[in-house]
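For reference, the structure discussed in these notes is given below.
Laboratory data are not the source of any read-out in this text; all were calculated from the coordinates shown. Every value quoted in this text rests on a predicted model; they were computed, and no experiment measured them. All Cβ positions, glycine included, derive from the backbone under ideal geometry; neighbour counts span all protein chains shown.
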Amino acid sequence: MIRTISHTVLVLTLLMTGCHRADTRTASPHANAEQGSPPTEATDEQAPTIQDGPRAPAVVRWVRLEQRGSRLELRAEVVKQSPFTAPLAVQVQVPAGVRLVEGSEAWEVPADAPQGIHARELAFTIDAASSEPIQLTADAQGAGFGVHAVDAFRVNGSDKSLTREGERQGPMPQPVGPAVKVGNTDFGNTIPSP
């Protein structure tokens with residue numbers, strides 16, 4: 001008798017748990033927040049977009065302000081995209097042939113800093129061409145999580161022109177691999193690995 005009641009309770013619990021789930025057909029209210037438009041409902045015809053996916057808790061980026069002769073001015077931006085309870089340690093690594101002449105090589109974005117952009121302006125003198133980039137990194141560690149963000153600017157050639165590392169040179173790869181379909185969602189063709 002007790003065994004039958006236990007099985008019945010177990011089956012009912014599994015049925016109720018399986019039937020009660022989050023409605024995955026409704027888009028997150030934050031999915032379109034950046035575009036300033038109201039949230040929309042997803043339908044079977046709409047495929048998920050990259051904006052619907054998870055975002056990094058923090059990113060860093062270099063913004064080129066000005067370059068005159070051998071002087072280069074950059075803005076280091078640390079974008080805190082979600083709240084977390086650890087400070088972000090920001091570090092600038094300067095390669096040989098480049099000197100930081102204004103600003104600091106290291107600083108911290110406090111744990112209680114609001115979400116958004118935290119920027120510092122830096123100036124460099126380029127004494128010699130360098131094959132290594134000027135690196136900007138931010139790191140944070142807390143209980144059960146870690147954040148690591150990197151961006152770099154490369155100083156190329158004797159004219160000291162600057163190009164952002166990672167910018168794609170040449171044509172973009174085309175999705176010519178097999179199509180991926182999960183349930184009713186068709187993600188399209190894949191991009192084969194080289």
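A crude spin-label estimate for the pair Lys181 and Gln141, with each label 7 Å from Cα along the Cβ direction, gives 4.7 nm.
Applying 1/(1 + (r/R0)^6) with R0 = 41 Å to the Cβ-Cβ distance of Val94 and Thr190 gives a FRET efficiency near 0.55. The residue list Pro114, Val78, Pro95 was ranked by how far each Cα lies along the charge dipole of segment 75-126 toward its positive end, using unit charges on Cβ atoms, and Pro95 comes out on top.
When only the Cβ of Lys, Arg, Asp and Glu is charged (+1, +1, -1, -1), the dipole of segment 58-164 relative to its Cα centre reaches about 280 debye. Judged by the ratio a/c of the largest to the smallest principal axis of the C-alpha gyration tensor, segment 58-164 counts as prolate, that ratio being 1.5 or greater while a/b is larger than b/c.
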